[in-house]
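Trainee: This structure is in structure tokens; I'll ask about it shortly.
The values are calculated or read from the model by the stated rules, or taken from the named source; none is laboratory data. Since this is a predicted model, take the numbers as computed values, not measurements. For neighbour counting, all protein chains shown are included, and Cβ atoms are generated from backbone atoms with ideal geometry for every residue, glycine included.
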Amino acid sequence: MSPEIEHLITLQRTDREIQRLKAEIAELPKRVAAIEEQLAGTKATLERAKSAVKTDDAARRKYDTAITDLRQKISKYRDQSLDVKTNEQYKALLHEIQFAEKEIGANEDKILELMVNAEVREKEVKAAEAELKEETAEIEKEKKIAHDRTAQDEKELAEWTEKRDAARAAVDPDLLRHYDRVLKFRGSGLAEVRDQKCMGCSVVLRPQTYNEVRSGKLIFCDSCQRILYYDPSKEAPTAPQVERATKRRVHPKIDASQAWYYRGEYGESGEVFLSFSNTDGTAHRRVYDAATGRKLGETFVREGGYRQAFPEDLAETIRLNGNWSEAELDEWGTELPSFALDLLQRDLDLARAEAAAHHQKESVSA
């Protein structure tokens, strides 16, 4: 592999990492905004509950005042009844007293109803206050995590930008312009050639073009215009090597609750290892860069088994051996340890060798 291609591979790796970091940095404020919006909803619920309590208190005071006024009227009417001269006047005062007493009873019923409601309102306020306190603590925690993640991402972004500048400085300016132009429209400016195909657009190369790429000549894909390169370390082994490799490989169990896969082209991420696990009725998916072992994005969770939950991720993949627990994966965090990455890459080589041996056997039989 020519030094120019090696510099471009390094450049593409840095470009992808920078793109990932920028996307994550841009996403974190949205995550904080969503959290704060949720908190605003809880605050609004608490304010409504408190407002309802204030409204009930005001209504109760109004009924208390009305009862006091009515009792004063009754006392006045009774005093006046002592001075009346006729039965008609007495009956009229008695009617007013009875009407006032009836109004007092109605107001007392309303006060009793408010007292019953007050217990419910008080519970609603306490529940809203408890929820607000819990959410506030959780949100502060999430905001700190987002802040720390942003700071770490910005630090890594600066480091990767330095690496990118160094890689760009090592590439011929004309070649760099071509790389930038294709990157802008295709998402990547470089593509590996494997099995006589451009892994960027999956178009089969002409034999002469394929041989030129293998010889180290700088070639552009006729279809997608990506700069092509060939990695001899991924070349299928010879027949004796294939035979030895396939005898050593243990096939993973088809019904295992934990599974690993290799995928040669995964969106803009390129070559990745996919980790799936089934836990308590849910499927977890993690994506790792196949070259560096760096975790790409967050762990994604869906209901059901991983085959039903993530069918779109299983196309054009190679099943690998790997049986690390959820606890181990969580402990590893954002990067696979070197021993795990080496085991996956070694098993991938064996799987490719096995496939090559099977293909060779079929060719001989045909």
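Trainee: So how many residues does segment 290-308 have that are touching a Gly at 6+ places or on another chain (Cβ under 9 Å), under 21 Å from residue 347 (Cβ atoms) and without any contact (Cβ under 8 Å) to a residue 40 or more places away in the chain?
Mentor: Residues flagged as touching a Gly at 6+ places or on another chain (Cβ under 9 Å), under 21 Å from residue 347 (Cβ atoms) and without any contact (Cβ under 8 Å) to a residue 40 or more places away in the chain within segment 290-308 amount to 0.
Trainee: Let me ask something else. Taking the criterion of being of a type in the set (A, V, I, L, M, F, W, C), at pLDDT below 85 and closer than 25 Å to residue 345 by Cβ, would at least one residue in segment 220-238 satisfy it?
Mentor: Yes, segment 220-238 has at least one match.
Trainee: Also, I was wondering about something else. Criterion first (assigned to a helix (DSSP H, G or I) and not assigned by TED's automatic domain parsing to the domain that holds residue 32) does residue 211 satisfy it?
Mentor: yes
Residues checked against (1) exposed (fewer than 13 other Cβ atoms within 10 Å of the Cβ); (2) on the phi > 0 side of the Ramachandran plot; (3) in a helix (DSSP H, G or I):
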| residue | (1), (2), (3) |
| --- | --- |
| 298 | yes, no, no |
| 301 | yes, no, no |
| 312 | yes, no, yes |
| 315 | yes, no, no |
| 318 | no, no, no |
| 324 | no, no, no |
| 328 | yes, no, yes |
| 331 | yes, no, yes |
| 342 | yes, no, yes |
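Trainee: Only residues that are part of a strand (DSSP E or B), aliphatic (A, V, I, L, M) and in contact with a Leu (Cβ under 9 Å, 6 or more places away or on another chain): list them for segment 276-292, please. Give the steps one after another, and end with the answer.
Mentor: Start the filter on segment 276-292 by keeping residues that are part of a strand (DSSP E or B), which leaves 276-279, 282-289.
In the following step, the residues that additionally are aliphatic (A, V, I, L, M) were identified as 283, 287.
Listed by number, the list holds a single entry, 287.
Trainee: Follow-up. Condition first: in a strand (DSSP E or B), charged (D, E, K, R), buried (at least 18 other Cβ atoms within 10 Å of the Cβ) and touching a Ser or Thr at 6+ places or on another chain (Cβ under 6 Å). Can you find one or more residues in segment 352-365 that meet it?
Mentor: no
Trainee: Which condition breaks for residue 287 when tested against (1) touching a strand residue (DSSP E or B) at 6+ places or on another chain (Cβ under 7 Å); (2) of a type in the set (Val, Ile, Thr); (3) surrounded by fewer than 19 Cβ atoms within 10 Å (Cβ to Cβ)?
Mentor: Of (1) touching a strand residue (DSSP E or B) at 6+ places or on another chain (Cβ under 7 Å); (2) of a type in the set (Val, Ile, Thr); (3) surrounded by fewer than 19 Cβ atoms within 10 Å (Cβ to Cβ), only one is false for residue 287: (3).
Yes or no, residue by residue, for (1) outside any helix (DSSP H, G or I); (2) touching a residue at least 24 places away in the same chain (Cβ under 8 Å); (3) over 30 Å from residue 76 (Cβ atoms):
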position: 102; (1), (2), (3): no, no, no
position: 111; (1), (2), (3): no, yes, no
position: 130; (1), (2), (3): no, no, yes
position: 138; (1), (2), (3): no, no, yes
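Trainee: Just for segment 50-108: of the residues that are farther than 30 Å from residue 124 by Cα and of a type in the set (Phe, Trp, Tyr), which one is surrounded by the most Cβ atoms within 10 Å (Cβ to Cβ)?
Mentor: Applying the filter and picking the extreme gives 77.
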